[in-house]
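To start, the structure itself, in structure tokens.
Nothing in this text is a laboratory measurement; each read-out follows from the coordinates by a stated rule. Predicted, not measured: the structure shown is a model, and the values here were computed from it. All Cβ positions, glycine included, derive from the backbone under ideal geometry; neighbour counts span all protein chains shown.
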């Protein structure tokens, strides 16, 4: 168990990176607190796996340092870092039995035979494979193989950190919940530092204490699920988290008001002069349909009933707005306005959030 | 699913039957025909039954050739398979050097058999060959035309030079198909180099290695041209392998009957060994699955 510090870390797969675009991972300073569970969230190709492989030592960063508990491990090989990592696709040792697969990391470290037997039994139960322990791993389903991979990741109790690289991609949905719950339980029992890479927001938000959102090789925001939901620091976080994502409308900001293509709305907070491309962002959950002269005039293009609530897709002068309406709400023909709750409005300049001056 | 019966469908396999008949069955039958007859020339044949087979089964000459053949095949398999794997493990994985290695490795495979024989025949000569001359000057009593041990060494080294690349290339292909994640997982699990080989690389190469062993066994068991060009089967009969002996019998002595019987037994032995090998290997596979 360890605190992991990243100092000026950056990585490029090119031998001589010249511009910032050449970096798969842009310069990063970060501290992973000992014993916390983190989710690393982002779309494919944003550098999540690169970061993970650098932490585990499978990849040597182009620049910067990695410290475990303030000890520099940048030049240490993977084996010496004592890290467990589970990959996206199952890796099992075909010719070994399930039991030997699970025992492999322990035996390689010279663990005591009776301890290995007891620990493997325990992990076998945890992943629900006690019955198959003496089968050869070859010929098992992808599901089962991935469970073995997970089991091998969890079998060592003294690891510095547990890293998961989209480990549940190939697992059945019902088993996903169960395994995720067990991972959380494991975290609760042993307090390992855990980093869980995923592009699935539900997975990230339910698993982690803190979610780190990455975009284009850099970390754009780190926070609790609630922070990510209420105050996305970057428009990408707004889009990526939430279903549907945040609404963004081009606007001119002046003091407490925004001018959105000719209509004034109240922002609920004052803003100074802002340069660059300015937008207001509002989550669909902070909007409601209105009538008469309130809010912005819209054309409703489509209504999707998702069971719990209705998603209203609307159009305001060429910009799309999504509104969430209660399941029971009647949507009348006179509802041609949208009203934003001032508490849920964020202001963005060049994609980054600008803080308001006092509500 | 319901199946319809249509006996006319048999006609569809006719082309294959004709092809196989002309390429395999009919030539084989002429050999079978010779093997049960005797001739004194003039195209006159007499029925001999299984006499030739009986005679050959007790022939010391054949036993010796078979013994030499088995020893030869075992030796070259024991050298070429581990050496091929070792080379494959140490070849660069990608880039210019990988391509260069592949080209260099495939060169010996492209040289015709009798040219290979000629190369080594000259290379090993004590008077003008680089190898023979050098060894002789260094004080080794090397002369493949007089010393059976030297002849064997020459023939084996020649075969290793000619065919190890095949095993290496096949093993290399097997290694290339292993996803990176396996090596990464092995590092995470702190597996030693030997364990990576034993539990990842070897199991993943199993399929191609089986093909490599089968090919090398069959080819070496039928080897003719290269040793014939180098040693002509000598000195004495020390490098007379089955094929060389067969040709001596059929064309040298013109004993068509015994030679035909010899061919058939030779064919059956190769078939039997290959079949047993293949069955054992695939059964090993199945047993693992349960």
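General remarks:
- Per-pair calculated FRET efficiency, R0 = 45 Å: residue A:306 and residue B:178 via Cβ, rounded to 0.05: 0.55
- Cα gyration tensor category, rounded, prolate or oblate, for the protein assembly as shown with a/c compared to 1.5: prolate
- Shape category assigned to chain B from the gyration tensor of Cα positions, a/c cut at 1.5: oblate
- For chain B, averaging the sequence separation of C-alpha pairs within contact (under 8 Å, six or more residues apart) and dividing by the residue count gives a relative contact order of 27 percent.
- FRET efficiency estimate (nearest 0.05) - Cβ-Cβ, residue B:149 to residue B:32, R0 35 angstrom: 0.35
- Per-selection Rg to Rh, the stretch B:26-172 - Cα, Kirkwood hydrodynamic radius: 1.13
- C-alpha long axis of helix A:173-190 to longest principal axis of chain A, angle in °: 70
- Per-residue Cβ neighbour rank within 10 angstrom, fewest leading, A:309, A:11, B:63: B:63, A:309, A:11
- When only Cα pairs below 8 angstrom with a gap of at least 6 residues are kept, the stretch A:73-140 shows a relative contact order of 44 percent.
- Antiparallel bridge percentage (DSSP; both residues within chain A; nearest 5): 75
- Using a cutoff of 8 angstrom between alpha carbon atoms and counting only pairs six or more residues apart, the relative contact order for the stretch B:27-114 works out to 12 percent.
- Of all DSSP beta bridges confined to the protein assembly as shown, the antiparallel ones make up roughly 80%.
- The Cα atoms of the stretch A:131-206 give a gyration tensor whose axes a ≥ b ≥ c have a/c of 1.5 or more with a/b no greater than b/c, which makes the shape oblate.
- Here is the tail figure for the stretch B:135-208: Cα pairs spaced more than 21 Å apart come to 53 percent of all pairs.
- For the stretch B:131-168 versus the stretch A:256-276, the gap between their alpha-carbon centres in whole angstrom: 90
- Angle between chain A longest axis and helix A:98-108 axis [Cα atoms, degrees, rounded to 10]: 80
- Cα-only radius of gyration and Dmax that characterise chain A, units Å: 24.4, 77
- Size-normalised alpha-carbon gyration radius of the stretch A:247-354, reference 2.2 N^0.38 Å: 1.07
- Among A:117, A:137, A:333: highest mean-square fluctuation, GNM of chain A, C-alpha pairs under 10 Å: A:333
- Two-site label geometry, residue A:329 and residue A:185: point separation in nm, points 7 Å out along Cα→Cβ: 4.0
- The long axis of helix A:142-154 is offset from the longest Cα principal axis of chain A by roughly 80 degrees.
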